[in-house]
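Some notes on the structure that comes next.
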Protein chains: 6
Amino acid sequence: MDITLTDKTGRINGRMFPDDNIQGIFNSIKEGSICKICGNVNEFPPGSGKINIIVNSINELSEDDYDLDDFIRTSDNDHDELVEEIRLTIKNMENVHLKNLLKSFFCDQEFTKVYYKAPSAIVHHHNYIGGLLDHSVEVLKICKTLCGIFPDLDRDLLYTGVLLHDIGKMRAYNHDLLKIEMSTKGRLMGHLYMSCELVKEKMKDLDFPDELSSKLLHLILSHHGDISMGWGSTISPKLPEAVALHYADNLDARVKEMFQKKID
Amino acid sequence: MDITLTDKTGRINGRMFPDDNIQGIFNSIKEGSICKICGNVNEFPPGSGKINIIVNSINELSEDDYDLDDFIRTSDNDHDELVEEIRLTIKNMENVHLKNLLKSFFCDQEFTKVYYKAPSAIVHHHNYIGGLLDHSVEVLKICKTLCGIFPDLDRDLLYTGVLLHDIGKMRAYNHDLLKIEMSTKGRLMGHLYMSCELVKEKMKDLDFPDELSSKLLHLILSHHGDISMGWGSTISPKLPEAVALHYADNLDARVKEMFQKKID
Amino acid sequence: MDITLTDKTGRINGRMFPDDNIQGIFNSIKEGSICKICGNVNEFPPGSGKINIIVNSINELSEDDYDLDDFIRTSDNDHDELVEEIRLTIKNMENVHLKNLLKSFFCDQEFTKVYYKAPSAIVHHHNYIGGLLDHSVEVLKICKTLCGIFPDLDRDLLYTGVLLHDIGKMRAYNHDLLKIEMSTKGRLMGHLYMSCELVKEKMKDLDFPDELSSKLLHLILSHHGDISMGWGSTISPKLPEAVALHYADNLDARVKEMFQKKID
Amino acid sequence: MDITLTDKTGRINGRMFPDDNIQGIFNSIKEGSICKICGNVNEFPPGSGKINIIVNSINELSEDDYDLDDFIRTSDNDHDELVEEIRLTIKNMENVHLKNLLKSFFCDQEFTKVYYKAPSAIVHHHNYIGGLLDHSVEVLKICKTLCGIFPDLDRDLLYTGVLLHDIGKMRAYNHDLLKIEMSTKGRLMGHLYMSCELVKEKMKDLDFPDELSSKLLHLILSHHGDISMGWGSTISPKLPEAVALHYADNLDARVKEMFQKKID
Amino acid sequence: MDITLTDKTGRINGRMFPDDNIQGIFNSIKEGSICKICGNVNEFPPGSGKINIIVNSINELSEDDYDLDDFIRTSDNDHDELVEEIRLTIKNMENVHLKNLLKSFFCDQEFTKVYYKAPSAIVHHHNYIGGLLDHSVEVLKICKTLCGIFPDLDRDLLYTGVLLHDIGKMRAYNHDLLKIEMSTKGRLMGHLYMSCELVKEKMKDLDFPDELSSKLLHLILSHHGDISMGWGSTISPKLPEAVALHYADNLDARVKEMFQKKID
Amino acid sequence: MDITLTDKTGRINGRMFPDDNIQGIFNSIKEGSICKICGNVNEFPPGSGKINIIVNSINELSEDDYDLDDFIRTSDNDHDELVEEIRLTIKNMENVHLKNLLKSFFCDQEFTKVYYKAPSAIVHHHNYIGGLLDHSVEVLKICKTLCGIFPDLDRDLLYTGVLLHDIGKMRAYNHDLLKIEMSTKGRLMGHLYMSCELVKEKMKDLDFPDELSSKLLHLILSHHGDISMGWGSTISPKLPEAVALHYADNLDARVKEMFQKKID
């Protein structure tokens, strides 16, 4: 029987050879529980460099017996620095409508409490506590470099798009400390639409200009790239800022994925 | 010089052989105006059966000189029958939330005034005054047959999805009697998202149940089929009703297109 | 060891934990036999809502010990109604050639004996005794609605195409009550070609007009859609009736598939 | 006005600058007629090496004024050698059923009269009088080399498939000496199916074994390669001989196309 | 007759209405010459906002009559800043092999003379004098931001890949001040391979470590992304630095393209 | 537990039913060792014709206990005939540059020692000792037939391309008698580029003409077909010889694959 063993440092395959009691062991383990494994580290096939653990025993632990922090995968970044990067970005905005819109999100503690903890994916890249924050600030940094290269990019529009493009994931995923799952809403509407819904809700109270609203929603709806790619955009990127957001988002996600593969 | 001549009965190619005054003729014709053509019907290449008109003269007409109805392409269907089909469909619904939602649209004369005249496309299928109404009722009829075949389909959900799936086109296109164009909003957000926005606006006043809302929005967001096709769905159809809506929509559009090709 | 347990009501996963005798059990079960299972219903992973059966014993039954009807998946529809729908459709046809062609099939008891029992697929949709009949009549109903919407469709041609498009499956699959397999002919020629072959055989005795024959064969050869989709059409649909047949066929199959997934 | 000038040696672009009589010239030229051009050879853009003809006059010729052979594109190969290659191939066959089938075609002068003149395409490769014969013998030669490499290939089956795979083109195209067009049958059924139909007709009189028939039809139906490529096979190649036929057919067609591009 | 008029500020469409002398005008203009246009600015179709020029006369100018700098499209960037950015990047490298390799290029005036003037494309993005330099430094800036985000990226390898990935374009294109064309080598081998060839030539004199060489060549050979995209990589990106280079390259090119579209 | 058993005659599945000692058996088998299996031949599922071996014991053999030749899959062809075919091909070449280039390879015993033993793939076609030689000579034979059909093909260029197109595989794979693996270089650069590198090295000493070099490298770089197929060409085939090489290579590989499937 193959088992996947995981803690915050990564994953390893385990193997248990069948014995009479395997059915009992099976039934004794509750979903979401944390277990103690005894076993031997094993290289198989011999000489291959592939390590797994031959599991001899497996026992569920009570909450007193472990430190939860050893099992939760979180960001390696300094949380305060990330938050400060966002704060400064908003502070330096010139477009008052976009600035107020972002304030309505990031000065809202109910929002930030969730945003700062949300994962950015179930599998693939940034799939851990704080992954959404990490990813958003990373794309922000890339887009700041881009605005240095292409001064005709509308900075405020682009940065707002970056900070809000994935907020629908806050509702699209259910996650507790140990597991991330798609919510019913996420399964039925997808995070692109859900990001727009959250943005529209905040806009209502702000007397937001109609054309600027269309542009911002365009950035969100097109951030999975050209519709012909079949990646879920409902409209292809048509503004330079939308093109910038899509490719910057993709760049960050693909590089992150390479490094996570090495750990997982 | 090749010209496309069009009135409500279809299109034909015209040819003008160049003479000294062609530049003057060019400049004298205002966009959107209606002109009188004199010329000879011509078969070219000879024997090919392809008819065009060798234009000898072309003169703009004043509004008194023509009957606008000769130039507007409209539905061939009996308008009142289509409206009655929708009225009865709503009347027979059992789900009170969906029934009230549809009433909030179809008892709103500002809505119906636009809905009943809107085209369903710029090119391709149903691209004429009343095309949206034609298309919606046609898909409705197909879906009624489907509900006879598959009694487990949620009729009220499916019919509501049918009647509302394309309403975003009312805002996505600008059209007057003679011409249909994409609006800025249509270009930036697409009609799938815009249909959802219109639906969400009406839902606000109706205390609409959350899960039912997600399902209805799912039908709209997925009605262009599996995202991997690259046709602009932001989520793939996951409910039987969403699958039914997509394929019924496609069936009606593709058959209509075949018949329009013959006229155009 | 994982086992798939199946009777006419659907499928469920079974698990047997290994013991010394598992090899003996393995060898004792003949293919195509019907067995009695003793075991415990189990939810695994616990709390997941996924039900399977922990099998304690598994014994082959003799023919006296079970009622075969409990194990054969068949249509839920009233067989006589389906047959009557086809009879009336043929009766109301005006094109005498197509009417005679259909009669040569449906008044031939050797044909109907097989047609009425044939499955419409090995996996996917309508993969059960009578599935071909169910599917054919369902597509017929959709196409009747279409002919109401598009009166320029050639009804007799379309209905004939519907009733005959999949008859090659009668030879492409071998099936007994419990299992459906691809025949050698099906593997080498496919059901599109085989439907045409059956139609050509009947036409020989009927003095069938050449152009009408080409049109009908076109409907069959193109009913998997545009060749560029890579779904096995040997020619893309070029007549409105061919477009109608392809999309109606697809609509019925895809919705049916959604409901079968829930049972399987 | 741009004109394409063509004789048996290839094509060249012509240009006529407009004058008052251009409409008259247009109308005076009958389709399918042969004309005399007077004009100046011209390099445009200057220095580009692209040659065209500035046409000064264009006059239709009567049949006495030209030699038709100067305008008909035909094979460069020795016709008798090609026919002999086929004759010897048939003579050396061991499988009596396949040998008799081929004889029923190639000893039938009504068949060979058409087969030896038929083009193999409208555009692309081998699109000239005798193109089908050229192409068939070329693929035959490649397949003979293949049978030398892979002695397990069934030679007789493969060679029969080669010689018959494209015979449907005899009915799929209408051609006279100067022009090749798709026939109605070709447009509705395609040459793959039509090849099978011709083969089936001959088989009827020959008491042809069922399984061998399926294999040969498989070679024809799958010779456009895997169905997922979207090139019109109705079944993917499943026998080694079918794989050999498809790739040999493709190899010959693609190389031929490269050389024709240089001439056209 | 439609003409494209172009100077360094962009392009505009011109129209000439035919007159008797148009053939003479045609022939009088040498390829690559610079002409004076007289004409009227015109909005066509009227009210559409689309501007073109109705050309009345067109006369070739002698070299004394114009300032070539008005017609050459060049970079908007400060050339010295770009060169300084590269110099500093090389200076700060730690890996002595990569540093020496870059020095062997950028301290070679024959190389830099060409590199600093080369365009980065024929059409699409950066298709002007100095476009290769602009593009390389832009991608460098994006990759520096990336190395800030992902400290595990091998900076020296990535920056070297950035500076050398497109140097094959120096040989793949022939360009003079007014025109860019593909060279024979470019047409037969493509710039990915040609970049590798240039790199290999320099490596020969440097005793370059084998594995580092493979990695650098990998970055170049894979910089058009996954081979399944069909964009011309001969190997898919397998190192994080290769993934970073591909997506950064793509990001810069796509945003640049958006802004060039507005000018062209 | 499922095991794959393999010797030179092919593969078969084995099954071991778990017992207490399975972990011990597992650990006792060294990678790359040769074992003796005792067990019963078994048909499972019963009646299916699928044969596997129920393994009762498995014991590693010492080198004295077996004859290695029973386990190494090698070519069925006469080695000397293949070598002679290459020698004659080179001898008959007229182009002195290409002839000398081939001599520099095939008169170099260090090269031929490896070339004659190399496999042509890890899985798929010709994946055995001598597979590269088999494949190269097979493609050569097909191309000789092609040159008979298309006398305008440049024979010497094509044959040189055939003999050298896959030589990069000599460095791209590591293989010993029993196993084939991708080398680091193969993983990072791919065999297309590596073939070019080997060719370039030899050219250096030969004063090879520049344009001929570009053509030969083009044949190698494009031999996986059009780049849009996503099969790893870095440039699409543009010369008739490149088209011939790609399609001949593909033809040989696909037919070989069909026959190997039957054995494996």
Karplus-derived HN-Hα couplings along segment F:193-210 (A = 6.51, B = -1.76, C = 1.60, θ = phi - 60°), whole Hz, x at Gly and Pro: 5, 5, 4, 4, 4, 5, 5, 4, 4, 5, 4, 3, 7, 10, 6, 7, x, 4
Using modelled amide H (1.01 Å from N, peptide plane; none on Pro or chain starts), what sits under 5 Å from the amide H of residue C:175, excluding residues fewer than 5 places away? C:181
Normalised Cα Rg of segment C:199-261, dividing by 2.2 N^0.38 Å with N its residue count, works out at 1.32
Extending each Cα 7 Å along its Cβ direction at residue C:261 and residue A:29, get the distance between those two points in nm, one decimal. 2.9 nm
The answer for residue A:230, listing residues at least 5 apart or on another chain whose modeled amide H is closer than 5 Å to its amide H, is B:230
Run the numbers on segment E:181-264 and let me know its relative contact order in percent, using alpha-carbon pairs under 8 Å that are six or more apart. 20 percent
What helix-only [θ] at 222 nm does chain D give? Using -39500 (n - 2.57) per DSSP H run of at least 4, over all residues, to the nearest 500, the answer is -15500 deg cm²/dmol
Rank E:150, E:136, E:125 by how far each Cα sits towards the positive end of the charge dipole of segment E:119-197 (+1 on Lys, Arg Cβ; -1 on Asp, Glu Cβ) and give me just the farthest. E:125
Using alpha-carbon positions, what is the distance between the centroids of segment C:173-200 and segment C:56-126, in Å? 15 Å
Determine, at each q value in 0.10, 0.16, 0.17, 0.21 (inverse angstroms), the log₁₀ of I(q)/I(0) that the Debye formula gives when each Cα of segment D:58-208 is one equal point scatterer. -0.40, -0.92, -1.02, -1.41
Distance in nm between pseudo-label sites at residue D:87 and residue F:57 (7 Å out along the Cβ direction from Cα): 7.0 nm
√(5λ) per eigenvalue of the Cα gyration tensor, segment F:141-257, largest first, Å: 23, 19, 14
Just the ratio, please: alpha-carbon radius of gyration of segment D:146-199 over 2.2 N^0.38 Å, N its number of residues. 1.47
Calculated from backbone phi, Karplus (6.51, -1.76, 1.60) coupling profile of segment A:102-110 in Hz, x at Gly/Pro: 5, 4, 4, 7, 7, 9, 9, 5, 5
In segment A:157-239, the chymotrypsin sites (Phe, Trp or Tyr not before Pro) that fall in loop regions by DSSP, at most 10 other Cβ within 10 Å: none
Taking chain F, the whole-percent share of alpha-carbon pairs separated by over 32 angstrom is 34 percent
Please compute the contact order of segment F:105-222 in relative form: average sequence separation of alpha-carbon pairs under 8 Å and at least six residues apart, divided by the residue count, as a percent. 21 percent
Helix D:131-149 sits off the longest principal axis of the Cα atoms of chain D, rounded to the nearest 10 on a 0 to 90 degree scale, by 40 degrees
Do you know the relative contact order of segment E:170-212, to the nearest whole percent, from alpha carbon pairs under 8 angstrom that are 6+ apart? 29 percent
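Each reported figure results from applying straightforward, stated rules to the coordinates on display, with no laboratory input. Note that the structure is a prediction, hence the values are computed from the model and not measured. FYI the Cβ positions are ideal-geometry reconstructions off the backbone, even for glycines, and counts take in every protein chain you see.
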